[in-house]
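I have placed the structure first, in the form of structure tokens, so that the comments after it can refer back to it.
The values are calculated or read from the model by the stated rules, or taken from the named source; none is laboratory data. Quick caveat: nothing in here was measured; it's all calculated off a predicted structure. Positions of Cβ are backbone-derived with ideal geometry, glycine not excepted, and every protein chain shown enters the neighbour counts. For the accessible areas, the whole protein counts, side chains as well, though only heavy atoms, and no ligand, DNA or RNA atoms are used. Shrake-Rupley method; radii C 1.70, N 1.55, O 1.52, S 1.80 Å.
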Amino acid sequence: MRRWVLPALALAVLVLGWRPVPREPEGLALVRVLGVDGSGPLILTAVCGGDDQENPSRGECAGADFQRALEGLPWSGEEELSLTSVSYIIVGRDVELREVLLAVLRNEELGASATVWLAEDGAAALLAGCGDPASGLDLLDRQGIEAPTVVEALAELEGGETLTLPLLAGAGPALIDWEEWRGAA
């Protein structure tokens, strides 16, 4: 009778659909905030965190365009950065926003549901002054500040509508205003 217990238990587990919970590999930092500055070269700034980490991992990489900068970003920090958890994209006023949004949508790792924010003095400067920008942006979300998603922002640009982005500054970061997107001059 005992020799049937283990196979019966294994069969029950398989039938009920139990699977181990997937985990991120050790030593991989999940990027929550991605900053984008410039149009040539384009500079990407990545900040991990979101759980009130004291020193979230960071990385920065430049490239001729979004895709080239993105290729080097995972290895630009002290540990390997994963772009599968990006929730917030902060752009500087000097980016080619339409091209950036299209590149985000084409990338398999980045999500179309990330929200788009505008940095008053550039994304890299804003993120350098924030200890944990993801927590600050999470707080703004909970306060009802709604930024457009990548898909919504691109749809407004493509549809000829006025795109209004929340304007951020400070070490929080803090919402200081709403601004219509005018793009690089």
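For this structure, a couple of remarks:
- Part-to-part distance (alpha-carbon centres) for the stretch 98-123 and the stretch 65-91, which is given in Å: 11
- Over the stretch 72-185, accessible surface divided per residue gives 47 Å², non-protein components excluded, 1.4 Å probe.
- Ranked by the mean number of other Cβ atoms within 10 Å per residue, highest first, peptides 35-48, 62-75, 79-92 order as 35-48, 79-92, 62-75.
- Annotation: amide H of residue 117 within the under-5 Å range of 89, 90, 91, sequence separation 5 or more or interchain, hydrogens built in the peptide plane.
- Taken along the Cα-to-beta-carbon direction at a fixed 7 Å, the label points for residue 78 and residue 128 span 1.8 nm.
- Prolate/oblate/rounded label for the stretch 71-173 (Cα gyration tensor, a/c 1.5): oblate
- In a reduced charge model with +1 at each Lys and Arg Cβ and -1 at each Asp and Glu Cβ, the stretch 31-146 shows a dipole moment near 300 debye about its Cα centre.
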